[in-house]
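Participant: Structure below; questions to follow.
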Amino acid sequence: MQSADNIKKLIREFAVSDNERSFEAFFNHYYPRLFRFALFILNSELLAEEAVSDIFLKVWKSRSRLPDIDNIDYYLFTSVRNQSLSYLKQRNIEKLQVIEFDDFSLIHKIHPESELLDRELIEKVNAAVEKLPPKCQLIFRLSRDEGFKYEEIAEILELSKSTVKNQMTKALKKIKEELSSYFNDLDDKKYRFLMSILF
């Protein structure tokens, strides 16, 4: 996992010096996240791969302008959103239901130290998240996995801020309900860990 400073360094290296190895590291950092996001919209691995690949091609071609972008995460996710919606429009495909991801682990991404915690807790939280309705789950993941603010999520998904806030409230309520029977069995460390994810 690259830090924000490392990402900026990589961008400077391939934007200014055409360093292909730095671009490869940049690509490897963002591709899985952007692919999963495109897959939420397109529900097709092939189309998701094409959409994300197209964006990285555009990024490489316009790399000299990248250092001027303040929020690269927002830029990339918005670009992939637009590209994915363009694919749907071109193919006259309606948005499909979200599919499940076996390797999409909310806990591990945010808290690498989670390997030290009870595996059952990790599985229960991920299972609760996967039970959320598609839009609700996507908003929750953009907030908790990717760290976007409500305003940014609203712009990326072309929703109102109040809709995003309402969906997050709904998500947290449903997750807490799913885990309610488990709360009393948590020790202090696990309880604090769980709260850090939800709030």
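The values are calculated or read from the model by the stated rules, or taken from the named source; none is laboratory data. Since this is a predicted model, take the numbers as computed values, not measurements. We place every Cβ from the backbone using ideal geometry, glycine too, and count neighbours over all the protein chains shown. Ligands, DNA and RNA are stripped out before the accessible areas are found, and what is left, the full protein with its side chains, is counted by its heavy atoms. Shrake-Rupley method; radii C 1.70, N 1.55, O 1.52, S 1.80 Å.
Participant: Every residue in the stretch 72-86 that is of a type outside the set (S, T, Y), more than 15 Å from the chain's Cα centre (by Cα) and surrounded by fewer than 19 Cβ atoms within 10 Å (Cβ to Cβ), please. Please lay out each step first, then the result.
Facilitator: Initially, the stretch 72-86 is screened for residues of a type outside the set (S, T, Y), giving 72-73, 76-77, 80-83, 85.
Next, only the ones that are more than 15 Å from the chain's Cα centre (by Cα) stay: 82-83, 85.
If the condition is that a residue be of a type outside the set (S, T, Y), more than 15 Å from the chain's Cα centre (by Cα) and surrounded by fewer than 19 Cβ atoms within 10 Å (Cβ to Cβ), then N82, L85 are the ones that fit.
Participant: Would you confirm, using the coordinates I've provided, whether L172 is closer than 17 Å to A128 by Cα and part of a helix (DSSP H, G or I)?
Facilitator: yes
Rundown of residues vs (1) open to solvent by 20 Å² or more (accessible area, probe 1.4 Å); (2) modelled with pLDDT of 85 or more, yes/no style:
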residue: K61; (1), (2): yes, yes
residue: D70; (1), (2): yes, yes
residue: E94; (1), (2): yes, no
residue: L121; (1), (2): no, no
residue: C136; (1), (2): no, yes
residue: S143; (1), (2): no, yes
residue: K165; (1), (2): yes, yes
residue: K170; (1), (2): yes, yes
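Participant: Just a yes or no: is a residue in the stretch 18-35 open to solvent by less than 70 Å² (accessible area, probe 1.4 Å) and more than 22 Å from S3 (Cβ to Cβ)? Full working, then the answer.
Facilitator: Within the stretch 18-35, the subset open to solvent by less than 70 Å² (accessible area, probe 1.4 Å) is 19, 22-23, 25-27, 29-35.
Filter again for more than 22 Å from S3 (Cβ to Cβ), leaving none.
No, the conditions are met nowhere in the stretch 18-35.
Participant: Please name all residue pairs, on different chains or six or more residues apart, with Cβ atoms under 6 Å, provided the first residue is in the stretch 26-54 and is farther than 27 Å from P67 by Cβ and the second residue is assigned to a helix (DSSP H, G or I) and open to solvent by 20 Å² or more (accessible area, probe 1.4 Å).
Facilitator: Cβ pairs passing all conditions: F40/L138; A48/F35.
Participant: Say whether the condition of being within 30 Å of T78 (Cβ to Cβ), at pLDDT 80 or above, open to solvent by 80 Å² or more (accessible area, probe 1.4 Å) and assigned to a loop (DSSP other than H, G, I, E, B) is met by at least one residue in the stretch 147-163.
Facilitator: yes
Participant: Related question: Collect the residues in the stretch 184-194 that are open to solvent by less than 40 Å² (accessible area, probe 1.4 Å) and in a helix (DSSP H, G or I), keeping them in residue-number order.
Facilitator: F193, L194
Okay, residues lined up against (1) under 20 Å from E146 (Cα atoms); (2) touching a strand residue (DSSP E or B) at 6+ places or on another chain (Cβ under 9 Å); (3) of a type in the set (D, E, K, R):
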site	(1), (2), (3)
I11	yes, no, no
S17	no, no, no
E24	no, no, yes
H29	yes, no, no
A38	yes, no, no
L42	yes, no, no
S62	no, no, no
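Participant: Out of (1) within 18 Å of the chain's Cα centre (by Cα); (2) crowded, with 16+ Cβ neighbours inside 10 Å; (3) among the hydroxyl-bearing types (S, T, Y); (4) at pLDDT below 90, what's the single condition that is false for S3?
Facilitator: Failed condition: (2).
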